[in-house]
Amino acid sequence: MKRFKIRANLVVPLLKGKTLWGLLCIHQCSAPRQWATHEIEFVNQIAEHFGVALQQADYLEQVQSQSAQLARAVEREKAVERQNTLAITIDNIRRSLDIDTIFTTTTEEVRQLLDVERVIIYRFFPDWSGEFMAESIADGWEPLVGNFSIIVDTYLQETHGGHYAHNQTSAVDDIYQAGLSDCHIHLLEAFKAKAYAIAPIFQGEKLWGLLAAYQNSTPRCWEDDEVDLLAQIGGQLGVALQQAGLLKQTQEQTEKLTRTLKELQQSQSHLIQREKMAALGQLVAGIAHEINNPVNFIYGNLSHVDEYVQDLLGLVNLYQTHDLNRVRLFRHE
């Protein structure tokens, strides 16, 4: 006590439940002091309240720990659900060969998965303007597909796709707090969007378009796994576009080969017909040649035959005349 210059001391135990947690010490250093009963009772009350506060702090810490564990469990459950839905979505994308069906199904599943009010697929034109190709919207919101013919974003046009061309995503929690240009904010207001997350869609190495999720009613704090999920689905849409392009090329090549085969079959048929006619012509020519030889022989000897026939006829006539004369002579005798 001398070391701490203490002349009078009041010590009260601090209990956390039934466990001695510590001591509440009150010192009088200038002079001795006779502690009054009400002072001791007051200090005891303070110690009791302090003990209750310690218990409440422990309870609060437990509640916070349990809440954190529950939140982590919920997040894990949500993450598992998102991964399962992502796997189903990717499987659906890979199974289908019709790009319109893929777009419609994907926008609906992503909107349900992220619980947003609009998911849309946007395609770039060669001049980096674009159009909305497909969307899924919550009840109560007007569609953008069909109501906007050509979308002109000067930033995307001037930068040829901006950071999306470098396969980067973007997420804006509040369009009015993100430092966007006035023209960009005006365009987003026309879309009724207050927050958005966007991922690029590549067809091969070319930026084909964008997959965008819009929150219309309120700003929204986007989580990293939500933006990452959007990017993964955007990548799968790019694969689907490549598959659709290859399918179209295959179909075009198949049609071309079919036409070529028909043309070859027709050409072959004509060639065979010509060969048959040529063979028939040769046969007819050969027959005509074979027929022509005896005909020519006969024709060439007709004059001789005629001469011989005339001689024979003359001989026959002569014979008949001579024979008739003999008959007459015989009768006279």
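The values are calculated or read from the model by the stated rules, or taken from the named source; none is laboratory data. As the structure is a computational prediction, the values presented were derived from the model and not from experiment. Positions of Cβ are backbone-derived with ideal geometry, glycine not excepted, and every protein chain shown enters the neighbour counts. SASA here: full protein model, heavy atoms, side chains in, ligands and nucleic acids out. Shrake-Rupley method; radii C 1.70, N 1.55, O 1.52, S 1.80 Å.
The table for this structure:
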read-out	value
Residues of region 20-43 that turn out to be more than 17 Å from ARG7 (Cα to Cα), assigned to a strand (DSSP E or B) and open to solvent by less than 50 Å² (accessible area, probe 1.4 Å), as a count	1
Total residues in region 44-56, condition at pLDDT below 85, of a type in the set (A, V, I, L, M, F, W, C) and either over 18 Å from LYS18 (Cα atoms) or exposed (fewer than 14 other Cβ atoms within 10 Å of the Cβ) (or both)	1
Residue pairs meeting the criteria (Cβ under 6 Å; at least 6 apart or on separate chains; first at pLDDT 95 or above and in a strand (DSSP E or B), in region 211-230; second open to solvent by less than 60 Å² (accessible area, probe 1.4 Å) and among the small types (Gly, Ala, Ser))	LEU211/ALA199; LEU211/GLY234; ALA213/ALA197; TYR214/ALA193; GLN215/ALA195
Count - residues of region 135-166 that are farther than 20 Å from LYS194 by Cα, open to solvent by less than 70 Å² (accessible area, probe 1.4 Å) and of a type outside the set (Ser, Thr, Tyr)	5
Residue within region 110-130 that is in contact with a strand residue (DSSP E or B) (Cβ under 9 Å, 6 or more places away or on another chain), of a type in the set (Val, Ile, Thr) and part of a helix (DSSP H, G or I) present	yes
Pick from region 98-134, criterion among the acidic types (Asp, Glu) and modelled with pLDDT under 95, ranking: most open to solvent (accessible area, probe 1.4 Å)	ASP115
Long-range neighbours under 8 Å by Cβ, at least six apart or interchain, first residue under 16 Å from TYR122 (Cβ atoms) within region 233-251, second among the charged types (D, E, K, R)	ALA240/ARG94
Evaluation of GLY245 against (1) open to solvent by less than 70 Å² (accessible area, probe 1.4 Å); (2) under 17 Å from ASP173 (Cα atoms) (one fails), failing number	(2)
